[in-house]
């Protein structure tokens, strides 16, 4: 039997500690809801890790056994230790998949991988978002139709200050008239990165079946394969002609 | 004094012949309005050409003296002779800029340069479009703020079946909740191509100051420079080592 | 059991009819050698089709049951009927994978999908090529090391007049000092396209184990998946707000 | 009269202090040679800054009056203060052009903008490099023919661990059979970045007329224009509908 994809679902998990409205929507935390969505699949095994655990739950042992890491943060980006970010960064470059969710656009790890400010416009209003599929053949949208409709969410608007993505998979329209590139892929080193916008803490976004399907698809897409070994020797190379 | 950029504004000009509503908005035709916008600039000299002229107004002489060609068509794409499309195609590959407007997405020349169906969704409803700038440093949006608002227009929606663009400069939001990549650049051979969505015939889109500014910027961007010579010899090459 | 990937290996097969040197290297034709490489895999079923068969062997029945088409042509690009090119083009846009080999860069189908001249420099000299991997995590290079060395081949050199590829997987160095982008991917409509340079008829390129491995990998990569359905309705869309 | 483009030519300038061979080639330092090349042009005004000056010569005053910064470093990347890198990074995102030269691929500022390891293969052998033009219409290669030949240089080879570039302008071939993407553009925030490989300290690369022409072209290309204002407000946005 093929081995399962090992996922670590990381969450800052601070809203859950102080806002009962969030706890009501996510009794097991946002991380718990995401892990449940992933663990419903036979080929995925998901565990969780949170900011307030030692080393934020991302020990060497956890990272070295993680195929895909998902990241949710909002209030406490600065509380993430640089040493942990260093380790996650190295691991992504060596092939670990990374799925950055919603307000994770300002997480240290995402900004480090992008090299830009990753800023955007926003408005917390609870109005409607439509995520339109702009790359219908991509495995991340398998089983998704023309669009995903989320009745209530926070608005994110352009300009989103990121490098040109490798692929633009979703573009969102908001009730207020704004647009946002809301599903984007990037390759960095041997690692595949997917940024996925949905996920505000005060709306039940991660209970939405289509959002859960995208998360499952994205984990399968981002998982390293046997071929995903990369060597960056940075050492003198022998004279090529003499070695072949 | 630097020479002016020579522009040929091409228009199918069939709506203007049968729909008084269009003639009322564009007494000189859509081509006349676009040419006026361009000729208001000291560095641009624009003339027009239309479908019903001999060779559609695109003789060898006209094409060889055109730096940038703008293209508007809708009802009569099939009436454009393949021989003319062949000539325009070759001229673009050799460096002539091409600006394809609105329903020109289905023009033979655009589909030939893209290699895809260039289909999209649409609805003719006269509602609002907002074109958001997603590449704020691009010369095509010089002088444009965060967005352009058009109070009444036709809707175009994704999926737009085109190759991945080199740059995505505008993304539109429509009153109906749809999105569309509405300002896109492509390089083909030595030619620069800009697709720009606005322009339905029954709304005064080409009288809008921001739309006119984009057209002017796009002409300057698409114009070939002294460096834009390309040679595709497709002939046997001497043994390189012996020639240097 | 999963169904096999259905491949049609197309070959112009004209060199084989008049040049004994080619027949000696490829007793079953270039198409035969490629089909054998593919049929050695348990998950691939490859058949062949050639120019001189009725409809060039690419009947509606053949095309509609083909997941991936490979294309080799050189002497007789113009002999390929436009009606067949039309059908292959439509089928690629609907999701059939296409692998274009070597001198197929000037095939009608490739130029139509690219929209450019697809010209390049060349020299038929039988010297060495090294194909360096420039995207080491790509499934097409699974099992390939840092490079592939072909002791004797024809030279292709830049500038290669194509649109910017989605991914650049191989870049070649030639004994004469030239370079060439020799492994490239493009997405057009729902179809995945891979251009792969190796393959001159007078050298046993398709017997090389690394080249054969790339062909197998490319077939697996280009095969449409269940998610690869695309709809380009090009019809009026209902007012979105009223339908959700 | 139009204002000149203000360039700051930064150099680590450590080789020059300890290796007489380098001083012999570059009596005024590598920075002096580059500044001379740029100052030969009527539209460019170049000054220099080096590692061992206070704040590495990159004070707030210098940075705020710099349109384009060129960067050469090799031995002492780690000696560049993080606070200076922070300031340069912010300035690039706000629109300052950046030209990273040769071994600057491992400079803190380049790795931070890329988000990857930026490692590569190399061999210090003094053999021949040919830089082939792969984007002949780009302003950076204005006046350059098909290629630039450097008789003696250090080798850099793929895999170069960088994000996919926006444009690939040069690809190099080396006498040892290797290839390298040696002229690359990236946009980050409002800033344009050009990586240009040539420049080893023990060969007179920056005296080569074609290399100097590329440097001049690149400065003109990377200079911010009037349109290059970017705002990343990251603040709540008013309800869009109510403001238009």
When restricted to B:25, B:34, the only residue closer than 15 Å to residue B:5 by Cβ and modelled with pLDDT of 95 or more is B:34
Picked from segment D:107-119 (must be facing chain A (nearest Cβ under 7 Å) and part of a loop (DSSP other than H, G, I, E, B)), the residue nearest to residue D:155 (Cα to Cα) is D:119
The number of residues in segment B:41-52 that are outside any strand (DSSP E or B) and touching a residue at least 40 places away in the same chain (Cβ under 8 Å) is 3
Looking at segment C:20-29, is at least one residue part of a strand (DSSP E or B) and touching a strand residue (DSSP E or B) at 6+ places or on another chain (Cβ under 7 Å)?
-> no
In the set C:169, C:140, the lone residue that is modelled with pLDDT of 95 or more and either over 16 Å from the mean Cα position of the chain (by Cα) or facing chain A (nearest Cβ under 10 Å) (or both) is C:140
| query | Can you find even one residue in segment B:56-78 that is on the phi > 0 side of the Ramachandran plot and either touching a helix residue (DSSP H, G or I) at 6+ places or on another chain (Cβ under 6 Å) or at pLDDT below 95 (or both)? | reply | yes
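From A:153, A:185, grab the single residue that is surrounded by fewer than 21 Cβ atoms within 10 Å (Cβ to Cβ) and not in a loop (DSSP other than H, G, I, E, B).
None of the other options fit; the residue is A:185.
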Checked segment B:58-78 for anything within 15 Å of the chain's Cα centre (by Cα) and part of a loop (DSSP other than H, G, I, E, B); matches are B:66, B:67, B:73, B:74
Residue C:159 vs (1) assigned to a loop (DSSP other than H, G, I, E, B); (2) within 13 Å of chain A (Cβ to nearest Cβ): all pass except (2)
Every listed condition ((1) surrounded by fewer than 23 Cβ atoms within 10 Å (Cβ to Cβ); (2) part of a loop (DSSP other than H, G, I, E, B); (3) modelled with pLDDT of 95 or more; (4) more than 9 Å from chain D (Cβ to nearest Cβ)) holds for residue A:164 save (4)
Residue set D:153, D:134; condition more than 11 Å from every other protein chain (Cβ to nearest Cβ), over 24 Å from residue A:86 (Cβ atoms) and in contact (Cβ under 8 Å) with a residue 24 or more places away in the chain; output residue D:153
Filtering segment C:111-131 down to residues that are closer than 18 Å to residue C:81 by Cα and crowded, with 23+ Cβ neighbours inside 10 Å yields C:113
Note on residue C:176: of the conditions (1) touching a residue at least 40 places away in the same chain (Cβ under 8 Å); (2) at the interface with another protein chain (Cβ under 8 Å from one of its Cβ atoms); (3) surrounded by fewer than 24 Cβ atoms within 10 Å (Cβ to Cβ); (4) under 16 Å from residue D:159 (Cα atoms), unmet is (4)
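To keep it simple, each residue is scored yes or no on (1) facing another protein chain (nearest Cβ under 8 Å); (2) at pLDDT 95 or above; (3) over 17 Å from the mean Cα position of the chain (by Cα).
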{"position": "C:182", "(1), (2), (3)": "no, yes, no"}
{"position": "C:202", "(1), (2), (3)": "no, no, yes"}
{"position": "C:210", "(1), (2), (3)": "no, yes, no"}
{"position": "C:222", "(1), (2), (3)": "no, yes, no"}
{"position": "C:227", "(1), (2), (3)": "yes, no, yes"}
Check your understanding: Would you say residue B:145 is crowded, with 24+ Cβ neighbours inside 10 Å and facing chain D (nearest Cβ under 10 Å)?
Key -> no
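The values are calculated or read from the model by the stated rules, or taken from the named source; none is laboratory data. Here the structure is a predicted model, which means the values were calculated and not measured. A quick note on method: Cβ atoms are made from the backbone with ideal geometry, for glycine too, and the neighbour counts reach across all protein chains shown.
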